Amino acid sequence: MLFRSAEGNMALQDKLLAMTAEAMNALEGAVYRLRDDISTKLADFVTDADKEKLSAMCTTMEDWLYDDGYDAEKSVYEAKLKELEALFAPGVAREKEAENRGPAFDELTQAIEKFSAFAASQSEDYAHISTEDKQKAAAECATAQAWMTDVQGKLGSLPKTEDPPVKSTEIIRSEERRV
């Protein structure tokens, strides 16, 4: 019985060591990935001053990992990873927004075109729809088009290092609401 208890404790200890090593590796991997991201995919979305701060933070975190942090607890590695990712979050969010914005505008454009074509259609398939309802649809399409043009103008003049005033999710919701 004593041996089984000791064996169970050793298995638990091995599992804890493996989970701690995974947490350390996750932090180390994030340091390398985020340091690379500063000069690649996040380069346009982070100011030069922030790039310096983030790079310095990565170096500080790396130094800690190989010095004082070499034998830290799992929870410490997880907290450091969360802290590091939080510092990069604004740049990552701006990069994701820029990536999602084009498809969102494409979807809105397609919806506007679809409903504009419907509103202008003289097809017998739509004979049961009143002229007044078609005019309402056309007016909504014009409103959506004007809103999209205005937003695209604002976003086009905004530096990529600033948070956009309109998010891609709002563009998609606009499509669902307006058109």
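The values are calculated or read from the model by the stated rules, or taken from the named source; none is laboratory data. Please read these numbers as outputs of a predicted model, since none were measured by experiment. Cβ coordinates were reconstructed from backbone atoms using ideal geometry, including for glycine residues, and neighbour counts include every protein chain displayed. Just the protein is used for accessible areas: all its heavy atoms, side chains included, with ligands, DNA and RNA removed. Shrake-Rupley method; radii C 1.70, N 1.55, O 1.52, S 1.80 Å.
Cβ-Cβ distances below 6 Å connect the following pairs, each with a first residue in region 141-163 that is basic (K, R), a second residue that is open to solvent by 80 Å² or more (accessible area, probe 1.4 Å), and a separation of six or more residues or different chains: K160/D44.
Residues that are in a helix (DSSP H, G or I), without any contact (Cβ under 8 Å) to a residue 40 or more places away in the chain and either more than 11 Å from L34 (Cβ to Cβ) or aromatic (F, W, Y) (or both) within region 52-69 comprise E52, K53, A56, T59, T60, D63, W64, Y66, D68, listed in sequence order. Among the criteria (1) polar (S, T, N, Q); (2) farther than 30 Å from Q135 by Cβ; (3) free of Cβ contacts under 8 Å to residues at least 12 places away in the same chain, the one Q110 does not fulfil is (2). Taking the criterion of being surrounded by 10 or more Cβ atoms within 10 Å (Cβ to Cβ) and either modelled with pLDDT of 90 or more or part of a helix (DSSP H, G or I) (or both), the residues of region 119-139 that qualify are A119, A120, Y126, D133, K134, Q135, K136, A137, A138, A139.
Checking region 86-96 against the condition returns a match, with at least one residue being in a helix (DSSP H, G or I), of a type in the set (F, W, Y) and at pLDDT 95 or above. Looking across region 48-80 at every residue that is under 25 Å from L158 (Cα atoms) and of a type outside the set (S, T, Y), the one that is surrounded by the most Cβ atoms within 10 Å (Cβ to Cβ) is identified as L54.
Of all positions in region 142-164, at least one carries a residue that is in contact with a Leu (Cβ under 6 Å, 6 or more places away or on another chain) and either among the polar types (S, T, N, Q) or part of a helix (DSSP H, G or I) (or both). How many residues, within region 22-47, are under 15 Å from V92 (Cβ atoms) and either open to solvent by 50 Å² or more (accessible area, probe 1.4 Å) or among the acidic types (D, E) (or both)? Summing the residues that are under 15 Å from V92 (Cβ atoms) and either open to solvent by 50 Å² or more (accessible area, probe 1.4 Å) or among the acidic types (D, E) (or both) in region 22-47 gives 9.
Scanning region 91-118 for residues that are under 16 Å from A30 (Cβ atoms) and either open to solvent by 40 Å² or more (accessible area, probe 1.4 Å) or touching a Gly at 6+ places or on another chain (Cβ under 8 Å) (or both) yields a total of 1.
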